[in-house]
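Heads up: the structure comes next, in structure tokens.
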Amino acid sequence: GIQVEQSPPDLILQEGANSTLRCNFSDSVNNLQWFHQNPWGQLINLFYIPSGTKQNGRLSATTVATERYSLLYISSSQTTDSGVYFCAVRPGMSGAGSYQLTFGKGTKLSVIP
Amino acid sequence: DSGVTQTPKHLITATGQRVTLRCSPRSGDLSVYWYQQSLDQGLQFLIQYYNGEERAKGNILERFSAQQFPDLHSELNLSSLELGDSALYFCASSPQRAGANVLTFGAGSRLTVL
């Protein structure tokens, strides 16, 4: 099956710093989502971004599908950004009607005051 | 609130027991997905239902079963529970629309098996 690798596995930032999280995938995809799992365990949609660039406030994401990677940018980080960030993909060759996502292992972000 | 409702939020039970986790999808979503998150295995896909029918199966144990009802809510049944089944179980839903099939996750059900 498709492999999803996220880097770095752990990241510690001072409040106000910027960061870039990376997601590499081993095959073509037709769905890619970034999620934030907060310290209470909730998985929150950040972006649906199978290709291109999107921005939402201090967060932005870019997916270069032809090179099989996606980047999540966090600017001016805040303590509330702490948690685990997951990249999840749906392979382009998935069976018809099966839309499940395969998750990477995540990047654990800790933002300290 | 994501619109996907999962109950119960927390559940503590003993080995050998059986539990049922419930999920109500977002209004208008026809597909429901179940995922298991454990410390050593990460987020693993278990099973997907679309409009009452099983559509895809992942790493779901034979002791586990699921169904989606006519009102589109879904239940995940876990039986003969083992210590290793302790995990966070997520339900997600999506509209099943090619080109924009965004999965939205519920808050999860945390199962502890003692």
Could you list all residues from segment B:87-114 that are outside any loop (DSSP other than H, G, I, E, B), over 24 Å from B:Ser27 (Cβ atoms) and more than 8 Å from every other protein chain (Cβ to nearest Cβ)? B:Ala87, B:Leu111, B:Thr112, B:Val113
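Quick grid of which residues meet (1) among the polar types (S, T, N, Q); (2) under 20 Å from A:Thr62 (Cβ atoms):
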| position | (1), (2) |
| --- | --- |
| A:Glu5 | no, yes |
| A:Leu11 | no, yes |
| A:Leu21 | no, yes |
| A:Phe25 | no, yes |
| A:Ser28 | yes, yes |
| A:Asn31 | yes, yes |
| A:Phe35 | no, yes |
| A:Gly41 | no, no |
Which of (1) closer than 16 Å to B:Gly42 by Cβ; (2) touching a residue at least 24 places away in the same chain (Cβ under 8 Å) does A:Ser75 not meet, given it meets every other one? (1)
Is one or more of the residues making up segment A:22-41 free of Cβ contacts under 8 Å to residues at least 24 places away in the same chain, closer than 27 Å to B:Tyr33 by Cα and within 14 Å of chain B (Cβ to nearest Cβ)? yes
Scanning segment B:6-25 residue by residue, the ones that are buried (at least 17 other Cβ atoms within 10 Å of the Cβ) and either under 24 Å from A:Arg90 (Cα atoms) or among the polar types (S, T, N, Q) (or both) total 4
Answer yes if at least one residue in segment B:31-51 is assigned to a strand (DSSP E or B) and farther than 27 Å from A:Gln6 by Cβ, and no otherwise. yes
Please pick out the residue among B:Ser27, B:Ser86, B:Ser93 that is over 21 Å from A:Gln33 (Cα atoms) and hydroxyl-bearing (Ser, Thr, Tyr). B:Ser86
Go through segment B:65-114 and report how many residues are of a type in the set (Phe, Trp, Tyr) and free of Cβ contacts under 8 Å to residues at least 60 places away in the same chain. 1
Enumeration of residues in segment A:85-103 that are over 22 Å from B:Leu30 (Cβ atoms), more than 8 Å from chain B (Cβ to nearest Cβ) and modelled with pLDDT of 80 or more: A:Tyr85, A:Cys87
Which ones in segment A:57-113 are crowded, with 18+ Cβ neighbours inside 10 Å and among the acidic types (Asp, Glu)? A:Asp81
Failed item in (1) assigned to a strand (DSSP E or B); (2) within 13 Å of chain B (Cβ to nearest Cβ); (3) buried (at least 21 other Cβ atoms within 10 Å of the Cβ); (4) of a type outside the set (D, E, K, R), with A:Leu46 passing the rest: (3)
Can A:Asp27 be described as more than 16 Å from A:Ser110 (Cβ to Cβ) and touching a Lys or Arg at 6+ places or on another chain (Cβ under 9 Å)? yes
Only one of B:Gly84, B:Gly28 that is more than 11 Å from every other protein chain (Cβ to nearest Cβ), over 22 Å from A:Gln3 (Cα atoms) and assigned to a helix (DSSP H, G or I): B:Gly84
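The values are calculated or read from the model by the stated rules, or taken from the named source; none is laboratory data. Predicted model, so just to flag it, every value in this text is computed and none were measured. Please note: Cβ atoms are built from the backbone with ideal geometry, for glycine as well, and neighbour counts cover all protein chains shown.
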